[in-house]
1. With a ≥ b ≥ c taken as the square roots of the eigenvalues of the C-alpha gyration tensor of segment B:200-268, please select rounded if a/c is under 1.5 and otherwise prolate if a/b is larger than b/c or oblate if it is not?
2. Let a ≥ b ≥ c be the square roots of the eigenvalues of the Cα gyration tensor of chain A; is it rounded (a/c under 1.5), or, if not, prolate (a/b larger than b/c) or oblate?
3. Nearest 500 deg cm²/dmol is fine: what mean residue ellipticity at 222 nm does chain A get from its DSSP H runs of n ≥ 4 alone, each adding -39,500 (n - 2.57), divided by its residue count?
4. Taking the highest mean first, how do the peptides B:277-283, B:93-99 order by number of other beta carbon atoms within 10 angstrom per residue?
5. For an R0 of 60 angstrom, estimate the FRET efficiency from the Cβ-Cβ distance between residue B:5 and residue A:187 and round to the nearest 0.05.
6. Using a 10 Å cut-off around each Cβ of peptide B:279-288, what is the average number of partner chain Cβ atoms that fall inside?
7. Find how many whole Å separate the alpha carbon centroid of segment B:265-315 from the alpha carbon centroid of segment A:179-255.
8. Shielding by partners for A:328-341, please: the mean number of other protein chain Cβ atoms within 10 Å of each residue's Cβ.
């Protein structure tokens, strides 16, 4: 049973953090000449206006959720994967190759095949920074970022030369449309929500079981919590680093395949849309826990969808959302440190709860 | 021949961006702070470097003091962002890697937001044009490569020996190195670890902001939301490559800028070349390869790099 003052402390820290984020956001909005309340209202209310807008949020939530699950696995193993963007591109390339060329296969085979192909490609691409970190001590923060740029260029090359749609005359580099048998069916008529949400739900369960109910997950978490202690305990830390990075990359690759087959329908430039970086924010916001990541990804789905509405309805540039995400990361990491700091908690107790101790005892009696 | 001279000339001019940013990052890392937010700070610097000449003069030729004002604004903004980062990672002791990603997204997002509402679309400026130094620039080949740049370039190169002197020969530099190597020992000798780390973040932020403004004013002469395009991250990697030594960082900046300039020059001189994406990848792959084969240098780095210091904690 947690003490009252501890709960009060944590709640008040979180409330202050949220207020701080809103305040800084408001300052930015005022600086660009926007209406603060209107802007916030548009961000929050638009998704709930109709089933159509709600499903727009959900289709943004799907890739975010899948990527964030992967990032949670790698972060828990002590390696921060900010290369989801690149892994997603690799997944898209692999899925595009299959989905545009194997249209004769039945749907029940082709769809999983494409998703698996995306996962394998992303996983292989995640293997590189994992291996570099485990064997050559290359900081994953730098290698994954560099690999993002490499993957982006490779993707641009692929859709411009080998995968280019020959019937497209406008000169915009894009691949052919994926075969009918490779598209994820929309669940409701008139709404963009597609079957990919099932994959997301399955992955939540799988990653939860992997992390908390299997030996692998235990060893990964041990390696992440304290690599020295884990090594002393006989865990091959570098092996689990690599495995976690492969899983993380596979998740990002699958997210790419789902985005291709469910939303875009063809590979176009810039189609990852910053999901890779937002995934990091979502994973952190969800406290690196698969179940908490679900609401976190929903919240960030709302934020990402608001980019569209801000563009149409206000004078506030949609780039604001990226700044807000960065702000949220900064505030989360600071808040986590404050929350876990026993000294300031003690100070908080003395300041606000010292006098009421007697009352509490009387109540309990 | 033209191709080679052009590439080298541009390398000498453009290396300044990476070099200054990387030098700033070196100050941070020497004090034990791993600042991945360099990219974000550079973005804001680049934006301010564009904004001030553009709003005051428009797209035309701006007088020199307006450009300088842009540089100063970018530098001040860099200091502010560096100090904000300091509050997060020093005062709150947040993990520096993730906080750096946050700073990067915040800076890039903020620059994009302001850019879209104050400037609108992609605009170009005249910026600071290069000038030929009389006599010296007449030397064949070398004259063009070395002596046809604007004064800022020479000022920036002057910073290499200055940075070396400050880090290795002044009391403050010694304190910075002590704080980054063994903060507890430094603390026991009466050095204020927090203060020194904040100061080094201010210096690093200032240089990152300056580098960003240099990019828009002298190199790209325009701005868009992703103009930095990984330069901030390369700057961080360069510090590892240069083994935390100003002169080696300077050489590294030249090498990487050469790789970048080479690919743009090939695109200009060989327009039929089909596979230019692979050339664009080159600098990024180079970073990874260098980091992989340079792992000994990890041990040359500041021992307390990335570790928050808590005075109240027992070891």
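1. In terms of gyration-tensor shape, oblate.
2. On the way: a/c = 2.04, a/b = 1.38, b/c = 1.48.
In terms of gyration-tensor shape, oblate.
3. Values: 15 runs with 265 residues, N = 365.
So the helix-based figure for chain A works out to -24500 deg cm²/dmol.
4. Details: B:277-283: 19.0, B:93-99: 22.3.
Listed from highest to lowest mean packing, they are B:93-99, B:277-283.
5. Computed FRET efficiency for residue B:5 and residue A:187: 0.45.
6. Working: counts 1, 7, 9, 2, 3, 10, 5, 1, 8, 12.
Per residue, the number of nearby Cβ atoms from other chains is 6 on average.
7. Centre-to-centre distance over Cα atoms comes out at 28 Å.
8. Details: counts 3, 11, 16, 4, 4, 13, 9, 2, 4, 9, 4, 0, 0, 4.
Counting other chains' Cβ atoms within 10 Å and averaging over A:328-341 gives 6.
Throughout, read-outs are computed from the coordinates displayed, never taken from laboratory work. Given the structure is predicted, the values throughout are model-derived calculations rather than measurements. So basically every Cβ, Gly included, is an ideal-geometry build from the backbone, and we count neighbours across all protein chains shown.
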